[in-house]
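What follows is a short report on a single structure.
The values are calculated or read from the model by the stated rules, or taken from the named source; none is laboratory data. Everything numeric here is computed off the predicted structure, so don't read it as measured data. Because the Cβ atoms are built from the backbone with ideal geometry, glycine has one as well, and the counts that use them run over all protein chains shown.
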Amino acid sequence: MPQKINFVVNDYERMRRLLLLFTLLCLAISANAQRYNLGFGIKAGASNFLGDIGSGDLARDFVYNMELRDTRWAVGGFSRYRFHPLFAVSASFDWVRVQGMDANSDNRARLGRNLSFRNDLLHLNAKLEFYPQILSVSDVGYRGRYRTDYQTYFFAGVGGVFNNPKAEYGGSYVKLRPLMTEGVKYSPIALTFPFGGGFFFTHKKMHRFGFEYAWNWTMTDYLDDISTSYVDPSQMTSDPLAPVLANRYAGFGDVPAGVHYGPGSQRGDPTDRDNFMTMTISYSYLIRTRGNFYRRNYSWVYGRRRRWGSTKAKF
């Protein structure tokens, strides 16, 4: 009887070791056999801002309330790693210019306030991307050689933005944060949560051309240096420009009844954070890594290649 027990234990131990070895082997193959899954690229496009300054008739009502005349530019670099047929991670560093002018607004209270700003944002972020295969085509043109494919993705992520709002005065731009125009010393760094979507075409497995829309929700209300109320100049810094740039009401405009521009009066809306958006086109170059195990074993995702004719693409 003891020998039988030992025999069973030994078999169990051998099976456990074989299972462990098989698992490690599968992980090693998956980690080392992927191909064209890492890319580096550049992007450029347009940017806009939604905050306490400029905009249309309503104080804030998401995208359609942006002022198109305040559209500026965005440039950056990024990398992307496709670790699964359905998922990828990406990181990017963007230089985004946003601006706003009450003079461009249709809101009478903002016209009377007469404030403006410009801010060059340095935005570092990381995103998780999801690729629904029903919105992808593995072989555009159906030539059966995977020369050009099309992918759609959606993403969400987290990042940080360094910002430094300025206002034009006397023909030059003056930094607003050191002036403490609302009696507040706020941080130049803020947390961001980017989300959005995009698509790209990959040509000959290495050259990728894409488009992306990103909405960046921030954890600050001071990208435009406006958030709460007008304060007494004694609460600002001693710089003589502080009270001048904090209150630029010039006594013009059809100001609504009950709206004032003195200490204690509303200057901004602290209940909403500032946001900015970017729309960019991009080019990236993919690096070949290891063998073709990845495509061969996920043919159910990419579509099975036929020797002649078209491919059974997922669309």
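Confirm whether Ser136 is touching a helix residue (DSSP H, G or I) at 6+ places or on another chain (Cβ under 9 Å), of a type in the set (Ser, Thr, Tyr) and at pLDDT below 90. Considered against the rule, which asks whether it is touching a helix residue (DSSP H, G or I) at 6+ places or on another chain (Cβ under 9 Å), of a type in the set (Ser, Thr, Tyr) and at pLDDT below 90, Ser136 comes out as yes. Assessment of the range 246-260 against the conditions (at positive phi, crowded, with 19+ Cβ neighbours inside 10 Å and either in contact with a Lys or Arg (Cβ under 8 Å, 6 or more places away or on another chain) or of a type in the set (A, V, I, L, M) (or both)) yields no matching residue.
Flag not set for Asn119, criterion: at pLDDT 85 or above, over 22 Å from Pro270 (Cβ atoms), within 19 Å of the chain's Cα centre (by Cα) and assigned by TED's automatic domain parsing to the domain that holds Leu179.
Residue by residue, here is whether (1) assigned to a strand (DSSP E or B); (2) touching a strand residue (DSSP E or B) at 6+ places or on another chain (Cβ under 7 Å); (3) modelled with pLDDT of 90 or more holds:
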{"residue": "Gly54", "(1), (2), (3)": "no, yes, no"}
{"residue": "Asp57", "(1), (2), (3)": "no, no, no"}
{"residue": "Tyr64", "(1), (2), (3)": "no, no, no"}
{"residue": "Trp73", "(1), (2), (3)": "yes, yes, yes"}
{"residue": "Phe78", "(1), (2), (3)": "yes, yes, yes"}
{"residue": "Val89", "(1), (2), (3)": "yes, yes, yes"}
{"residue": "Val96", "(1), (2), (3)": "yes, yes, yes"}
{"residue": "Arg110", "(1), (2), (3)": "no, no, no"}
{"residue": "Gly141", "(1), (2), (3)": "no, yes, no"}
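One residue is enough: does the range 107-114 have a residue meeting the conditions under 29 Å from Arg72 (Cα atoms), within 24 Å of the chain's Cα centre (by Cα), assigned by TED's automatic domain parsing to the domain that holds Leu245 and not charged (D, E, K, R)? No, the range 107-114 has no match at all. Please work out if Ala190 is in a strand (DSSP E or B), over 22 Å from Gly112 (Cβ atoms) and touching a strand residue (DSSP E or B) at 6+ places or on another chain (Cβ under 9 Å). Yes: the conditions hold for Ala190. For the range 83-106, a residue qualifies if it is closer than 26 Å to Gly51 by Cα, surrounded by 21 or more Cβ atoms within 10 Å (Cβ to Cβ) and either among the hydrophobic types (A, V, I, L, M, F, W, C) or not assigned by TED's automatic domain parsing to the domain that holds Thr71 (or both), and the qualifying residues are Val96, Val98.
Among residues of the range 206-245 being touching a residue at least 12 places away in the same chain (Cβ under 8 Å) and assigned to a helix (DSSP H, G or I), the one that is surrounded by the most Cβ atoms within 10 Å (Cβ to Cβ) is Leu245. Would you say Gly258 is more than 28 Å from Val158 (Cα to Cα) and modelled with pLDDT under 85? So Gly258 passes the test.
Within the range 285-315, being at pLDDT 50 or above and either out of contact with any His (no Cβ under 8 Å at 6 or more places or on another chain) or not assigned by TED's automatic domain parsing to the domain that holds Val231 (or both) holds for Ile287, Arg288, Thr289, Arg290.
If you go through the range 156-186 and keep only what is surrounded by 13 or more Cβ atoms within 10 Å (Cβ to Cβ), under 28 Å from the mean Cα position of the chain (by Cα), assigned to a loop (DSSP other than H, G, I, E, B) and not hydroxyl-bearing (Ser, Thr, Tyr), you end up with Asn163, Asn164, Pro165, Leu176, Val184.
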